[in-house]
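Below: one structure, written as structure tokens.
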Amino acid sequence: MFVFISHLTVPEADRGELERHFRQRSGLVDGFPGFLYLQLLRPQAGEATHTFLTAWESREAFREYMRSREHAVSHAREPGEIMGRTEVRHEAFEVLMDSRAQPEWLA
């Protein structure tokens, strides 16, 4: 499994609008091969105001999505003015253990 995380530091005045935008997302990623789920998180500590997490079957599935028409259409909908005032930091992770899945060594 592969997880891609975007930490967003959004100006206070824009936070409600950004949350509304994500709740009304296009959903184009939902049917993309290899996509598992996404979450919008509101951190309880730290500098980021929101964290956007997507989980994928593999890093290659994520890469395919990033090159796709679905990604281009979805990101064209982003509120440009808000994103222009938002600091974004990305992180990528290979998932080594997931409590929701049976470990490979027990399969």
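What follows draws every value from the coordinates through simple rules; no lab data is involved. Keep in mind it's a predicted model, so treat the numbers as computed, not measured. Positions of Cβ are generated from backbone atoms using ideal geometry, with glycine treated the same way; all protein chains shown enter the neighbour counts.
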Only residues in region 86-101 that are within 20 Å of Phe52 (Cα to Cα) count as the first member; pair them with residues that are in a loop (DSSP other than H, G, I, E, B), Cβ under 6 angstrom, at least 6 apart or cross-chain, and list the lot. Thr86/Val10; Val95/Met1
Looking across region 48-86 at residues that are among the acidic types (Asp, Glu) and more than 30 Å from Glu12 (Cβ to Cβ), the single one that is surrounded by the fewest Cβ atoms within 10 Å (Cβ to Cβ) is Glu60
Report the residue count in region 37-70 for those that are among the aliphatic types (A, V, I, L, M), under 11 Å from the mean Cα position of the chain (by Cα) and closer than 12 Å to Val3 by Cα. 3
Please enumerate the residues belonging to region 87-100 that are assigned to a loop (DSSP other than H, G, I, E, B) and exposed (fewer than 11 other Cβ atoms within 10 Å of the Cβ). Leu96, Met97, Ser99, Arg100
